[in-house]
């Protein structure tokens with residue numbers, strides 16, 4: 001396995017992409033998005049995760065983040081483990097027309113890796129890119145915020161409920177982010 005796109009500096013700020021296996025569109029249902037939202041808010045409040053920008057798409061999450069306790073890999077691992085368990089539990093306990101199809105994919109994905117048990121919801125990779133300059137930071141925040149626009153979900157990024165574009169535009173938001181002063185980055 002390559003060393004590229006890994007979290008090497010536990011104290012540094014990273015742009016991460018957490019992808020659902022086989023690009024399964026899990027987060028089209030509000031209850032599954034709510035699991036991600038609740039888990040991110042828990043990690044912020046209880047595990048020292050600082051989130052500067054995020055977007056929850058139908059099958060992946062982009063996040064610009066760092067861990068105050070210099071343990072970013074551990075926090076992300078715990079986040080993915082917890083959300084996986086909660087997603088599977090929700091699929092099995094509430095009506096879900098796609099349950100068998102999704103569980104079959106998650107079971108097959110788990111069987112392809114020795115470190116998995118029953119199901120694998122997230123890929124093992126996080127496509128981690130260390131943030132190294134104000135320009136790169138601004139590029140990643142813009143990419144994160146424009147994701148729903150590029151996908152054709154909204155015409156203005158701040159209209160997408162599941163994105164920190166709302167935080168940066170002063171609208172009500174669902175996740176408390178640490179706003180980076182964009183004007184400082186542009187100078």
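Nothing in this text is a laboratory measurement; each read-out follows from the coordinates by a stated rule. Because the structure is a prediction, the values reported are computed rather than measured. Cβ: placed from backbone, ideal geometry, glycine included. Neighbour counts: every protein chain shown.
Summary table
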{"quantity": "Some residue of segment 94-102 being in contact (Cβ under 8 Å) with a residue 60 or more places away in the chain, within 20 Å of the chain's Cα centre (by Cα) and not in a loop (DSSP other than H, G, I, E, B)", "calculated": "yes"}
{"quantity": "Residue tally, condition within 23 Å of residue 128 (Cα to Cα) and either within 18 Å of the chain's Cα centre (by Cα) or surrounded by 16 or more Cβ atoms within 10 Å (Cβ to Cβ) (or both), over segment 169-185", "calculated": "6"}
{"quantity": "Residues of segment 116-130 satisfying the condition of being assigned to a loop (DSSP other than H, G, I, E, B) and within 18 Å of residue 16 (Cα to Cα)", "calculated": "121, 123, 124, 125, 126, 127, 128"}
{"quantity": "Tally of residues being within 24 Å of residue 43 (Cβ to Cβ), touching a residue at least 40 places away in the same chain (Cβ under 8 Å) and not in a helix (DSSP H, G or I) across segment 135-184", "calculated": "11"}
{"quantity": "Given (1) more than 20 Å from residue 110 (Cβ to Cβ); (2) surrounded by fewer than 19 Cβ atoms within 10 Å (Cβ to Cβ), index of the condition residue 22 fails", "calculated": "(1)"}
{"quantity": "Residue within segment 131-150 that is more than 18 Å from residue 16 (Cα to Cα) and over 14 Å from the mean Cα position of the chain (by Cα) present", "calculated": "yes"}
{"quantity": "Selection count where residues are surrounded by fewer than 19 Cβ atoms within 10 Å (Cβ to Cβ), out of contact with any strand residue (DSSP E or B) (no Cβ under 7 Å at 6 or more places or on another chain) and under 21 Å from residue 150 (Cα atoms), scope segment 44-66", "calculated": "1"}
{"quantity": "Segment 67-78, subset in contact with a helix residue (DSSP H, G or I) (Cβ under 9 Å, 6 or more places away or on another chain), free of Cβ contacts under 8 Å to residues at least 60 places away in the same chain and assigned to a helix (DSSP H, G or I), residue surrounded by the most Cβ atoms within 10 Å (Cβ to Cβ)", "calculated": "75"}
{"quantity": "Residue check, residue 12 part of a helix (DSSP H, G or I) and either over 14 Å from the mean Cα position of the chain (by Cα) or more than 16 Å from residue 124 (Cβ to Cβ) (or both)", "calculated": "no"}
{"quantity": "Which listed residue, of 114, 73, is more than 29 Å from residue 154 (Cβ to Cβ) and more than 16 Å from the chain's Cα centre (by Cα)", "calculated": "114"}
{"quantity": "Residue check for residue 55: under 29 Å from residue 178 (Cβ atoms) and assigned to a strand (DSSP E or B)", "calculated": "yes"}
